[in-house]
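Worksheet: one structure, shown below.
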Amino acid sequence: MRDMKELMVKYKALTTIYIKQFYKYPIPLFIKLIYVPVEAFIYIFLWNYLGKSSSVDINYMIIYYILIGLIKSAYPFRHISINIQRDVMEGSISNVLVRPYPYILPEIERYTAWIFLYSFIFIPAIIFVIIVRNVSVYYAILFVLSFAIGNMIQFLVWYNVGLIALKIERIRGVLLGVSALMSFTSGSLVPLFLLPQWMEQVTYLFPFRYYMYFPLQTMLGEISMSDYMVSLALSFVWCVILWGLSAVQLRSGMSKLQANCA
């Protein structure tokens, strides 16, 4: 109990430091806060134009891609992998052997700090979507839950990708491969229901649909309660799998590191 309390004190302190750091070097966050509304405007313009010669539900597609932009911009998750690669190549990863806290903790704190600041644009945008789509409070709450778990999945995916650097050091090829696979199977390119049935079935083999398409289905009211509970359960399963995989990767990588240092 005492160890947990001490860990929470460290977590709060370091998260506060990262918030101050983002304030001190605000350009990346400022660009993000400008980019997201501009991207939303482009989606509105694009689908209004396409709607003149198409029978698709333009209002649905506009809201869908606004939500896509918001979720994709929630956190620069690829930086997690890049940070780990940098630690491996610089040798600072060896500090893990003497740290009094888990290696994943600083990345969680950076994530928490960024989400806190990003909420200044994310929350108003979500409220806008709720009003425009007349989303009930019930589905809004379900969206928040699915979105939180989906972000945890994406966080753990990129954390695991970063840990591959413990074995091969440079992971640019892996980053590109995972990014391409994620774009296809998460619904960020096109809504998954527009894919041929066999292609949509393939997306169930990967965790990516649960960080983007599942929350979107929830917000847009396209999922039954039974399907929601199944997807939620599968999301938790993927979290457990990815967390376990990261623990195995880190233990294996640090064992080799420790042997090399001996």
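Projection of the Cα convex hull of segment 95-149, averaged over all directions and equal to a quarter of that hull's surface, yields 4.8 nm². Gyration tensor over the Cα atoms of segment 169-262: the corresponding equivalent ellipsoid has semi-axes (square roots of 5 times the eigenvalues, largest first) of 33, 17, 9 Å.
Computed on the Cα atoms alone, the convex hull of segment 57-215 gives a volume of 127 cubic angstrom per residue. With both labels modelled 7 Å from their Cα along Cα-to-Cβ, the Asn59 to Met229 distance reads 3.2 nm. Across segment 104-192, the convex hull enclosing all Cα atoms gives 122 Å³ per residue. Around Leu192, what is the net charge, scoring Lys/Arg as +1 and Asp/Glu as -1 over all other residues with Cβ under 9 Å from its Cβ? Here the count lands on 0. Counting charges near Leu175 (Lys, Arg +1; Asp, Glu -1) among other residues having Cβ under 15 Å from its Cβ returns a value of +4.
For segment 144-217, the alpha carbon convex hull comes to 83 Å³ per residue, rounded to a whole number. Taking label positions 7 Å along the Cα-Cβ direction at both Val144 and Arg170, the computed distance is 4.6 nm, reported to one decimal. Per residue, segment 191-262 exposes 53 Å² of solvent-accessible protein surface, assessed with a 1.4 angstrom probe and all protein chains in place.
Keeping every protein chain in place, order Met182, Met199 by accessible area at 1.4 Å, biggest value first, i.e. largest first.
The residues order as Met199, Met182, largest area first.
The values are calculated or read from the model by the stated rules, or taken from the named source; none is laboratory data. Please read these numbers as outputs of a predicted model, since none were measured by experiment. Reconstructed Cβ throughout: ideal geometry from the backbone, glycine too, with neighbour counts over all protein chains shown. Accessible surface is based on the protein model in full, side chains and every heavy atom, while ligands, DNA and RNA are left aside. Shrake-Rupley method; radii C 1.70, N 1.55, O 1.52, S 1.80 Å.
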